[in-house]
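Trainee: Take this structure first; my questions come after.
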Amino acid sequence: MDVSSSPLLSQILCCPECGGDLLFKSHSIVCKQCSKKYEINYINEKPIPVLLSSQSDCIVSPEEDADGLPKKPTLLNRIAHILWPPEPARFYGDLQRKFNTKNYHRGVEEFIKRYHPKDKNETVLIDLGGGKRRLKNYIINIDVFASSEVDVIADARFLPLRSMSIDGAILQSVLEHVAQFEDVLRQSYRVLKFDGLIFCEVPFYYPVHAEADFARFTKKMLTFLLEKSGFSVEEFRITMGPFSALSLSCRVILSAILSMGYKKLFTAWYILIGWLTFWLRYLDIFYPRNQIVEYIMPSFYIVARKGRSPHA
Ligand SMILES: [Zn+2]
């Protein structure tokens, strides 16, 4: 999906600085109100608007891999990549292999199915922080990293979307990567129409997994944050069970102890112990779903609605 071929996309975009209308030119975008000029990145000839607010501290580098990995890895990195064990945790209702889509599971699928496919030309759904994945061809992928699957490059704290312009927002493993996560929720609330839904998935009992990894959330904390932003919570579900937590713990704790503080040794143990223990995640098929399991769940999601009454 790109601005030149999707009238819908160009209609909902606005200046992240002042909210003004945008004028789309072949190699740049100009705000009709504040005259700020924005670039367009081209990846595989697809134009991707770079709509970053001047308040944003995000730096867009099209040369960098979407995961932040260097393009030319060392020999050791390449060997580690070949030997890398399967994921330690497993989504409940995992659909990643079936649809070849990262972090895709039944919870996400059910959320998308709430929006009737026949309305897909009018229904606007965004995958905020979707990165290199494409959930559906009609879902707008917004990320700070440039990749061929990204439709708009933007900072989730300063969304270049008109207020009340979208029907649904998917934020899967996004909030923990933004230090000012409350700004992201406030922006999501602003751009959603009344009755619009947010799908918010976050880690709770999960090891640090990126350079920019700032927070963990309990069910109560995410509920509090969503309600503070104006949403009403409709659904809660655990997406990884206690055996995923056990598998994660075995891998990280044993590797950390055996590495004696050496990062390369940690990676070597991580690979070996990963292969020995990853199968524990499959025991999650049998775990009892009760409140006590919430104390140790690696991740969960909440679906919340933007109600009609204005938020005070
Ligand atoms: Zn402007």
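The values are calculated or read from the model by the stated rules, or taken from the named source; none is laboratory data. Source: prediction; values computed, not measured. For the accessible areas, the whole protein counts, side chains as well, though only heavy atoms, and no ligand, DNA or RNA atoms are used. Shrake-Rupley method; radii C 1.70, N 1.55, O 1.52, S 1.80 Å.
Trainee: Please work out the C-alpha center-to-center distance from segment 95-152 to segment 250-297 and express it in whole Å.
Mentor: Centre-to-centre (Cα) distance: 29 Å.
Trainee: Could I ask something else about it? Rounded to a whole number, what % of the accessible area of segment 7-306 do carbon and sulfur atoms account for, probe 1.4 Å?
Mentor: Values: 8960 of 15530 Å².
After summing per-atom areas, the C and S share lands at 58 percent.
Trainee: Let me ask something additional. Given the -39500 (n - 2.57) contribution per DSSP H run of 4+ residues, what per-residue ellipticity at 222 nm results for the chain, rounded to the nearest 500 deg cm²/dmol? The partial results should precede the final answer.
Mentor: Details: 8 runs with 81 residues, N = 312.
Helix-only estimate at 222 nm: -7500 deg cm²/dmol.
Trainee: Which whole-angstrom value gives the distance between the alpha carbon centres of segment 207-245 and segment 22-47?
Mentor: Between the Cα centres of segment 207-245 and segment 22-47 lies a distance of 35 Å.
Trainee: Where only protein heavy atoms count, and the probe is 1.4 Å, what is the accessible area per residue for the chain in Å²?
Mentor: In whole numbers, the chain has 53 Å² accessible per residue.
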